[in-house]
Structure formats: C-alpha cells, structure tokens
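Colleague: The structure is given below, and queries will be raised subsequently.
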Amino acid sequence: MIENNKVHKILYGGDYNPEQWPEDTWEEDMRLLKLAHIDVVTLNVFSWASLQPSEDTYTFDKLDKIMEMVTKHGLNVCLATSTAAHPAWMARKHPDILRTEFNGMKRKFGSRHNSCPNSPAYRKYSTALATKLAERYKSYDNIVAWHISNEYGGECYCENCEKAFRTWLKNKYKTIDAVNQAWDTAFWGHTFYDFDDIVLPNMLSEHFAENRTTFQGISLDYRRFNSESILDCYRLEYDAVHAITPHIPITTNLMGAYYPLDYQMWAKYMDFISWDNYPANDTVLEDIAFKHDLMRGLKQGKPFALMEQTPSVTNWLPYNALKRPGVMRLWSYQAVAHGADTVMFFQMKRSIGACEKYHGAVIDHAGHENTRVFREISALGAELDKIGSLTLGARTCSKAAIVFDWDNWWATDYSAGPSVNLNYFDEVLNYYKAFNNLNISVDLISVEDDLSGYSFVVAPLLYMVKPGYDEKIRRFVQNGGRFLTTFFSGYVDDHDLVTIGGYPGKLRDILGIWVEEEDALPNDAQNSFIYQGTTYPATLICDLLHTEGAQSLSEYEQDFYAGMPALTRNTFGQGVAYYVATRSNADFYRTLIGEICEEAGIRPIMDTPELIEVTKRSNANGTFMFFLNHDAKSHDIKLPCSGTDILTDTAYKDGDVMTLSAKGVAIIHIIEN
C-alpha cells in the first residue's frame, strides 16, 4: 500500500515515456490519458543517458517540462531514479561497470541489467543521480512514490564481485577455518588456506552446469551474496532520496517468484511492495494468484502495488497472443482481490523502435482512442473511479500459511540429487493450488514470520532447516497447531551440510518418523497408495520411512517397499504433524488439505464451481468478497451473505443467485449482521 495522504483511490496508470516522443505530441497524450481515467504515471525509468550525458554534466530540462506538464494535468507521479541502464560513456570510461556472465564472458555496453552491482563507479554515479533527482523535485506534492531503478536482477561474476565476495565471507565467517568447515572443503581436497584462494563458483570453477555444482556450500553462499550485493545498490539510492524526501514512500518493482533475489530480505528495506505481473495467456489462475499472495506476504499481509502488467499483448513470449476481451479487467481485479491497491501498466504509449515496440499500451501506434484495448482500459478506469477509496488498505485474514523460503529454493536446486525433476517452486505450488481451489485463504510466509496467528502451516520440501526454525515449529505444534511437511525435508542446515542422525533431522521428533531411504522415480514410473478409499499416484520421490510414534494413514502398494507408510500423522503436544512422503496429484492435495483445514476449524469462504475464484479483504469500511470468473462461460452463484456489488450497485440478499458472466467480476460489500 502506498501510504500517502494524497492517495484516495486505487491508483490507475503506469509507465509513461514522453521523452521518446516529440514535445508537440505530449498534449494529445494528456487528452487520451484523461479519457482513459489514468491518474498516475511512472516517469523517468530509462532516462539516465539523457539526464547525465557526461561525467560532470546533468541536464534536467526535458524532465522539468514533463513534470510540469503532468502536474498541470492533475496526474500523480511515481518518479523513478532511472538507474537501470547506465550511459554508454560510463562503460567507456569505467569498464569495471560491465558485468561478467556465468560462463566468464565479459559483457560490452548494451541491453540493460548490465551494471556490476559491486562496481564502485556504478554505485557512485547511481547514488549521485538519485540524490540530484530528489533535490530537484522534492517540492512537487504530486509525487506519490519513488521508484528505485527498475526490475533489479541478474548476476555478475567479475573481479569486483570476487573481491567483494571474499569480504562478504570474512564478515560472515570471520576465519578461513570456519569457511572450510561450512563448505566441507575436506572433500576432494578443496581446503582453502587464505581468503584470497577463494574464487567465484561458475563455469570456470565449481560448476558443470548452471544449477550443478561440485560444492553446494560455496554456490549457495554466492547466491546469497549476489542478492545482497544488488540489494546494497538499491539501499544506497533509497538512503539518498529518503534523506531529502522522507515523506515520500520508496519502492522498486519486484517480479513475483523471481529466483535470483531473496525478496523476503529485500522487503525489509522497501516502504511498500510493488511488482510486475506478466503471465502468458495460458498461465493457470493459481499460478498468478500465488505470485500475488507471495508479494502480499512479503510485508506480513500489507497491501501491495501492481506496478506493471500489459494492457493487451506482451512481446517476449514464443507466441504473443492477445489478451481476450475481459481478461485485462479480470486479471486487474484478481490483483486487487489478492491485496493490490494499485492497477498499473507498462506502458502508456507504444514506442516506435527497439525490443518493446510491439508490447501492449494504453495508447497504440494508431494514436487515438478508437481501439478495443483503449475502450477496455477506459471502462476499467471508470469503475476504479467509482470504487474510490472503499477497498484501500483492506487486508486478508488467513488462518493457514505456506512457508516459502528462497534459501530452500536455491539449496534444493543445488542438491546433488535425488532427482533432476525435483523443483521447490512446483512442490510449493502444488499445495497452494489446493487451498486456492478450496477457496481457503492462505498466507505465503517466510521462516522468520511468527506462526502463532495460524492454525495450520504447510512447509513443502523444507530441505534446509535454519537455526532455531525447528524450535519455532515445535512450539507451534505443541501449542495446538497443525503442521505438514513433505519428502526431502529436514536434511540439511543453513550451510547445506547434512544433519546426521537420520532424516528428517531436527524435525524427526515432531513428525514421529525416521526416513531410511528415498527412491527417485523416473518420469515414466510411479507407485501408488490408497487414502480414504481412493487410489492416488506416488511419483518423483518415494521416501522409505519408519514410524516412531506417528500413525500411518496410507501405505505404498508396489515395489519392495509396499506396505511402508506414504502418509503419516503424529500427535505432538496439543497439535498434530503430518508427513507426505511422496508427490501425488491435485485431487489428493485437495482432499488432504480440505480434511486438515476442517480439523483445524478453517472453513472455505464458500464452495464454487471450478474456475470461480473467491477472496475476502477487510478494512474500516467493511468486508469485500471478490468473485472472479476465469471460465469462458457464465456461472450462477448462490451468495452466502447479503451485500451490494460495488461495481454495479446491485443489492443481494443471503441466498440470492448472482449470474457471473464469462471472465466476469463482482465485488460484494458485505452487510454485517
């Protein structure tokens, strides 16, 4: 949520790049944006080259004109610092600013995300530009947020980074002996005698493929280091603009479940979360919902900003299909349903050259309002004007949570087995889909978050158990919570060193089991188990486990381990811990999650047909129930409450039937009893 006293509705707009166009076209743009009900523009995202044409020269004349123009026309501004792509002169004069790829190839000037995060030149000039922008525009009262850089990402493996990595390791481990112990360098005689012996883990050293490494400890630490290095660049700019404009909230646009950066760490240094949502047309609704909820979870449930989406078509997919009529509106409201307080786009106006000239925009190459996309944008803008401030700041109340942890994601990718098909994100998504399909609200939380407010916590593939996290789980279950984890959990510590004494390590007493072996099944093989009278597949991994107090709820049916438990339940203190020893299918996850939720007293919002998504958000104005029809046909929905659809002003009584059109949306402001 953009906490700013100038924001009184769901902000509607997005990236606008008038500097790419002749000035005599700007006024017509203003007319069209007003017609589309646009009220906020993100400015100055990629203007570094024009703002700073040489080492000591800054030119703000054009940006001054742009700021004056949008202010005159009553637009709010999300002002970017423009540091996502450095100028050509900077690469020429300071070649250390250029990144080195994973394979050791040194980049030349070009593209974007091409600045080394540990380059002294990059850090110096990016911070200086951010400072000058804050000083110049601090008096504008229509700046509702600062937008630092743009879509931070990527990696670098240059000499700057190697030196900085050694310093990072010294700060973390203090001694070279501690490094050797953490990385188990006695294996293969890899002992380091000095920090200067340490080289970066890439294709020139420890790696034989992108996610295949001979030493998981060093590769995992480099992932952490890279994420923190890029975060340091963000923080330098944050500090610069915050010192001058402390009243303006600051963010940078994240990218959902983005692998290279630990967003849970980043969130600590962001005033509010914003992110860019670019699903393909065939992306399943649960995948989109998951990423919204992941972003919502970064700030313990606070609303976030949808900073970018496409109004119509993307330009980087293999097949850049149009968004069908109604989908832009549906996906915009899906973001709001999951916690967004803004609906914004890339871009306001299509450029005429380079790689995004065919990416969708509010103002098309046709240059007028007589397009299907513009009509849809304008209609949605009118609806958001009508909603006003009703839903701002509304939060989702969840009694269930799923643990998502970037370190676990990285560590399972680097693990030396047991299966090349093992994918942390996919396993978490399997369980999330079950909650979403059941219309049960679920938070996506980090290992640092408090568990006491939840009744049921799921931690799929909790391969790495960080120091103290087993105690947090232990207290949660002892105090009456329901906990579920899966195969390949509890194996290692935060250095990726195996916890000896039997799997699942420190979770063993909580779960009441001992895993002796795990069988990795190829794609064309599967086992099976029967649960509640139904046969389900057992695929990918089959743990061979023994109970140590736990109750076996189902057993494998085939192979030499037929009869061994595939699903267990352990009473621990006042609570219960479940262990799912294999991967199964969506029907099984839905059945199991539904039963445990019922046992924990967690009820679905309501039952709906397939492809009808329902969420709730509440604020001081009341509770809002969002109905989203992702189907290509209409559905009749029997309402479980009385209320008024704030989009149509239609009043309903408890038990009334509401017809939800194909790709339709309803937002019921519930009448509280």
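The values are calculated or read from the model by the stated rules, or taken from the named source; none is laboratory data. On a predicted model such as this, the values are computed, not experimentally measured, just so you know. Cβ placement follows ideal geometry from the backbone for every residue including glycine, while neighbour counts extend to all protein chains displayed. In case anyone asks, the SASA skips ligands and DNA or RNA and just uses the protein heavy atoms, side chains included. Shrake-Rupley method; radii C 1.70, N 1.55, O 1.52, S 1.80 Å.
Colleague: Look at segment 648-673 and say how many of its residues are farther than 25 Å from N281 by Cα and either buried (at least 20 other Cβ atoms within 10 Å of the Cβ) or of a type outside the set (D, E, K, R) (or both).
Modeller: Our first condition is that a residue be farther than 25 Å from N281 by Cα; within segment 648-673, this holds for 648-658, 668-673.
Going one step further and asking which of them are either buried (at least 20 other Cβ atoms within 10 Å of the Cβ) or of a type outside the set (D, E, K, R) (or both), we end up with 648, 650-652, 655, 657-658, 668-671, 673.
Residues in segment 648-673 being farther than 25 Å from N281 by Cα and either buried (at least 20 other Cβ atoms within 10 Å of the Cβ) or of a type outside the set (D, E, K, R) (or both): 12 in total.
A quick yes/no check of all residues on (1) at pLDDT 95 or above; (2) under 19 Å from A240 (Cα atoms); (3) not small (G, A, S):
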{"position": "L32", "(1), (2), (3)": "yes, no, yes"}
{"position": "H37", "(1), (2), (3)": "yes, no, yes"}
{"position": "V40", "(1), (2), (3)": "yes, no, yes"}
{"position": "L51", "(1), (2), (3)": "yes, yes, yes"}
{"position": "N76", "(1), (2), (3)": "yes, no, yes"}
{"position": "A80", "(1), (2), (3)": "yes, yes, no"}
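Colleague: Would you point out which residue out of T396, T342, T391 is surrounded by fewer than 21 Cβ atoms within 10 Å (Cβ to Cβ) and of a type in the set (V, I, T)? Spell out how you get there, then give the answer.
Modeller: Values: T342 fails: surrounded by fewer than 21 Cβ atoms within 10 Å (Cβ to Cβ); T391 fails: surrounded by fewer than 21 Cβ atoms within 10 Å (Cβ to Cβ).
When all the criteria are applied, what remains is T396.
Colleague: Condition check: open to solvent by 60 Å² or more (accessible area, probe 1.4 Å), of a type in the set (D, E, K, R), touching a residue at least 40 places away in the same chain (Cβ under 8 Å) and within 30 Å of N5 (Cα to Cα). Does K349 satisfy that?
Modeller: On the way: open to solvent by 60 Å² or more (accessible area, probe 1.4 Å): no; of a type in the set (D, E, K, R): yes; touching a residue at least 40 places away in the same chain (Cβ under 8 Å): yes; within 30 Å of N5 (Cα to Cα): yes.
It is false that K349 is open to solvent by 60 Å² or more (accessible area, probe 1.4 Å), of a type in the set (D, E, K, R), touching a residue at least 40 places away in the same chain (Cβ under 8 Å) and within 30 Å of N5 (Cα to Cα).
Colleague: So, one more: In segment 392-441, how many are part of a loop (DSSP other than H, G, I, E, B) and in contact with a Gly (Cβ under 7 Å, 6 or more places away or on another chain)?
Modeller: Here is the first cut: in segment 392-441, the ones part of a loop (DSSP other than H, G, I, E, B) are 392-394, 396-399, 404-405, 415-423, 438-441.
Narrowing further to those that are in contact with a Gly (Cβ under 7 Å, 6 or more places away or on another chain): 396, 438.
Number satisfying all stated conditions: 2.
Colleague: Let me confirm something: among S111, S139, which residue is open to solvent by 10 Å² or more (accessible area, probe 1.4 Å), under 25 Å from the mean Cα position of the chain (by Cα) and of a type in the set (S, T, Y)? Step through it out loud before you land on a result.
Modeller: Details: S139 fails: under 25 Å from the mean Cα position of the chain (by Cα).
Answer to the selection: S111.
Colleague: Pairs under 7 Å by beta carbon, first residue free of Cβ contacts under 8 Å to residues at least 60 places away in the same chain and farther than 12 Å from G297 by Cβ in segment 392-409, partner among the aliphatic types (A, V, I, L, M) and in a loop (DSSP other than H, G, I, E, B), six or more apart or different chains?
Modeller: N408/L461; N408/L462
Colleague: Can you confirm whether E210 is within 28 Å of the chain's Cα centre (by Cα), open to solvent by 50 Å² or more (accessible area, probe 1.4 Å) and more than 30 Å from V41 (Cβ to Cβ)? Full working, then the answer.
Modeller: On the way: within 28 Å of the chain's Cα centre (by Cα): yes; open to solvent by 50 Å² or more (accessible area, probe 1.4 Å): yes; more than 30 Å from V41 (Cβ to Cβ): yes.
Yes, satisfied.
Colleague: Working only within segment 160-169, note down all residues that are of a type outside the set (G, A, S) and either in contact (Cβ under 8 Å) with a residue 40 or more places away in the chain or surrounded by 15 or more Cβ atoms within 10 Å (Cβ to Cβ) (or both). Break it down into steps so the answer makes sense when it comes.
Modeller: So the first thing to find is which residues in segment 160-169 are of a type outside the set (G, A, S), and the list is 160-163, 165-169.
Of everything in segment 160-169, those that are of a type outside the set (G, A, S) and either in contact (Cβ under 8 Å) with a residue 40 or more places away in the chain or surrounded by 15 or more Cβ atoms within 10 Å (Cβ to Cβ) (or both) turn out to be N160, C161, E162, K163, F165, R166, W168, L169.
Colleague: Only residues that are surrounded by fewer than 18 Cβ atoms within 10 Å (Cβ to Cβ) and under 17 Å from the mean Cα position of the chain (by Cα): list them for segment 231-257, please.
Modeller: Of everything in segment 231-257, just one residue is surrounded by fewer than 18 Cβ atoms within 10 Å (Cβ to Cβ) and under 17 Å from the mean Cα position of the chain (by Cα), namely G256.
Colleague: When you check V447 against the structure, is it hydrophobic (A, V, I, L, M, F, W, C) and open to solvent by 40 Å² or more (accessible area, probe 1.4 Å), yes or no?
Modeller: Values: hydrophobic (A, V, I, L, M, F, W, C): yes; open to solvent by 40 Å² or more (accessible area, probe 1.4 Å): no.
Spelling it out, it is not the case that V447 is hydrophobic (A, V, I, L, M, F, W, C) and open to solvent by 40 Å² or more (accessible area, probe 1.4 Å).
Colleague: Being surrounded by fewer than 20 Cβ atoms within 10 Å (Cβ to Cβ), under 19 Å from V465 (Cα atoms) and touching a strand residue (DSSP E or B) at 6+ places or on another chain (Cβ under 8 Å) is the filter here; which residues of segment 415-426 pass it?
Modeller: Matches in segment 415-426: G417, P418.
Colleague: Tell me, which residue of segment 312-339 that is open to solvent by 30 Å² or more (accessible area, probe 1.4 Å) and of a type in the set (F, W, Y) is farthest from N44 (Cα to Cα)?
Modeller: So the first thing to find is which residues in segment 312-339 are open to solvent by 30 Å² or more (accessible area, probe 1.4 Å), and the list is 315-322, 324-325, 329.
Narrowing the set further to residues that are of a type in the set (F, W, Y) leaves 316, 319.
On the way: W316: 23, Y319: 30 Å.
Filtering first and then ranking leaves Y319.
Colleague: Of all the residues that make up segment 507-524, how many are touching a Phe, Trp or Tyr at 6+ places or on another chain (Cβ under 6 Å) and part of a helix (DSSP H, G or I)? Let's see the steps before the verdict.
Modeller: At the first step, the residues of segment 507-524 found to be touching a Phe, Trp or Tyr at 6+ places or on another chain (Cβ under 6 Å) are 510-511, 513, 515.
From what's left, part of a helix (DSSP H, G or I): 510-511.
Within segment 507-524, residues that are touching a Phe, Trp or Tyr at 6+ places or on another chain (Cβ under 6 Å) and part of a helix (DSSP H, G or I) number 2.
Colleague: Hey, any hits in segment 623-640 for a residue that's surrounded by 15 or more Cβ atoms within 10 Å (Cβ to Cβ) and of a type in the set (S, T, N, Q)?
Modeller: Looking through segment 623-640, at least one residue is surrounded by 15 or more Cβ atoms within 10 Å (Cβ to Cβ) and of a type in the set (S, T, N, Q).
Colleague: How many residues does segment 171-200 contain that are surrounded by 15 or more Cβ atoms within 10 Å (Cβ to Cβ) and either in a helix (DSSP H, G or I) or touching a residue at least 24 places away in the same chain (Cβ under 8 Å) (or both)?
Modeller: Initially, segment 171-200 is screened for residues surrounded by 15 or more Cβ atoms within 10 Å (Cβ to Cβ), giving 173, 176, 179-185, 190, 192, 195, 198-200.
Now restrict to residues that are either in a helix (DSSP H, G or I) or touching a residue at least 24 places away in the same chain (Cβ under 8 Å) (or both): 173, 176, 179-185, 190, 195, 198-200.
Here the count works out to 14.
Colleague: Now for a separate question. May I ask you to verify whether T59 is open to solvent by 40 Å² or more (accessible area, probe 1.4 Å), within 30 Å of D271 (Cβ to Cβ) and free of Cβ contacts under 8 Å to residues at least 12 places away in the same chain? Write out each step before concluding.
Modeller: Values: open to solvent by 40 Å² or more (accessible area, probe 1.4 Å): yes; within 30 Å of D271 (Cβ to Cβ): yes; free of Cβ contacts under 8 Å to residues at least 12 places away in the same chain: yes.
So T59 fits the description; yes.
Colleague: Among the residues of segment 365-383, which ones are loosely packed, with under 14 Cβ neighbours inside 10 Å, free of Cβ contacts under 8 Å to residues at least 24 places away in the same chain, part of a loop (DSSP other than H, G, I, E, B) and not hydrophobic (A, V, I, L, M, F, W, C)?
Modeller: H365, N370
Colleague: Given the criterion over 19 Å from E376 (Cβ atoms) and modelled with pLDDT of 95 or more, identify the matching residue among L330, L298.
Modeller: L298
Colleague: Assuming E599 fulfils every condition listed in (1) open to solvent by less than 40 Å² (accessible area, probe 1.4 Å); (2) more than 22 Å from P418 (Cα to Cα); (3) in contact (Cβ under 8 Å) with a residue 60 or more places away in the chain apart from one, which condition is it?
Modeller: If we test E599 against (1) open to solvent by less than 40 Å² (accessible area, probe 1.4 Å); (2) more than 22 Å from P418 (Cα to Cα); (3) in contact (Cβ under 8 Å) with a residue 60 or more places away in the chain, just (1) comes out false.
Colleague: Considering only segment 1-40, state which residues are open to solvent by 40 Å² or more (accessible area, probe 1.4 Å) and over 30 Å from P303 (Cα atoms). Full working, then the answer.
Modeller: So in segment 1-40, the residues open to solvent by 40 Å² or more (accessible area, probe 1.4 Å) come out as 1, 3, 5-6, 8, 19-24, 27-28, 31, 34-35, 37.
Of everything in segment 1-40, those that are open to solvent by 40 Å² or more (accessible area, probe 1.4 Å) and over 30 Å from P303 (Cα atoms) turn out to be E19, Q20, W21, P22, E23, D24, E27, E28, R31.
Colleague: A further question on this structure: State all residues of segment 143-166 that are in contact with a strand residue (DSSP E or B) (Cβ under 6 Å, 6 or more places away or on another chain), closer than 16 Å to V45 by Cβ and in a loop (DSSP other than H, G, I, E, B); if no residue qualifies, say none.
Modeller: E151
Colleague: State the number of residues belonging to segment 460-506 that are in a loop (DSSP other than H, G, I, E, B) and either buried (at least 19 other Cβ atoms within 10 Å of the Cβ) or within 28 Å of the chain's Cα centre (by Cα) (or both). Give the derivation first.
Modeller: Within segment 460-506, the first condition is being in a loop (DSSP other than H, G, I, E, B), and the residues that meet it are 460-463, 465-468, 479-481, 487-491, 493-497, 499-502, 504.
Now restrict to residues that are either buried (at least 19 other Cβ atoms within 10 Å of the Cβ) or within 28 Å of the chain's Cα centre (by Cα) (or both): 460-463, 465-468, 481, 487-491, 493-497, 504.
Residues meeting the conditions: 20.
Colleague: For segment 84-142, enumerate the residues that are touching a Leu at 6+ places or on another chain (Cβ under 8 Å), assigned to a loop (DSSP other than H, G, I, E, B) and either free of Cβ contacts under 8 Å to residues at least 12 places away in the same chain or of a type in the set (A, V, I, L, M) (or both).
Modeller: Correct list: R107 only.
Colleague: May I pose another question? If you scan segment 563-573, which residues turn out to be in contact (Cβ under 8 Å) with a residue 24 or more places away in the chain and within 17 Å of G533 (Cα to Cα)?
Modeller: P565, A566, L567, T568
Colleague: Among the residues that make up segment 353-364, is at least one of them open to solvent by 10 Å² or more (accessible area, probe 1.4 Å) and either modelled with pLDDT of 95 or more or assigned to a helix (DSSP H, G or I) (or both)? Step through it out loud before you land on a result.
Modeller: Residues of segment 353-364 open to solvent by 10 Å² or more (accessible area, probe 1.4 Å): 353-358, 364.
Retained after the next criterion (residues that are either modelled with pLDDT of 95 or more or assigned to a helix (DSSP H, G or I) (or both)): 364.
Yes, there is a match, as at least one residue in segment 353-364 is open to solvent by 10 Å² or more (accessible area, probe 1.4 Å) and either modelled with pLDDT of 95 or more or assigned to a helix (DSSP H, G or I) (or both).
Colleague: Give me a count of the residues in segment 477-520 that are of a type in the set (D, E) and on the phi > 0 side of the Ramachandran plot. First the steps, then the outcome.
Modeller: Step one: list which residues in segment 477-520 are of a type in the set (D, E), which gives 493-494, 496, 509, 516-519.
Next, only the ones that are on the phi > 0 side of the Ramachandran plot stay: 496.
Here the count works out to 1.
Colleague: Could you check how many residues of segment 142-159 are touching a helix residue (DSSP H, G or I) at 6+ places or on another chain (Cβ under 6 Å) and buried (at least 18 other Cβ atoms within 10 Å of the Cβ)? Break it down into steps so the answer makes sense when it comes.
Modeller: First, pick out the residues of segment 142-159 that are touching a helix residue (DSSP H, G or I) at 6+ places or on another chain (Cβ under 6 Å): 142, 146, 148, 152, 155.
Remaining after also requiring buried (at least 18 other Cβ atoms within 10 Å of the Cβ): 146, 148, 152, 155.
Summing the residues that are touching a helix residue (DSSP H, G or I) at 6+ places or on another chain (Cβ under 6 Å) and buried (at least 18 other Cβ atoms within 10 Å of the Cβ) in segment 142-159 gives 4.
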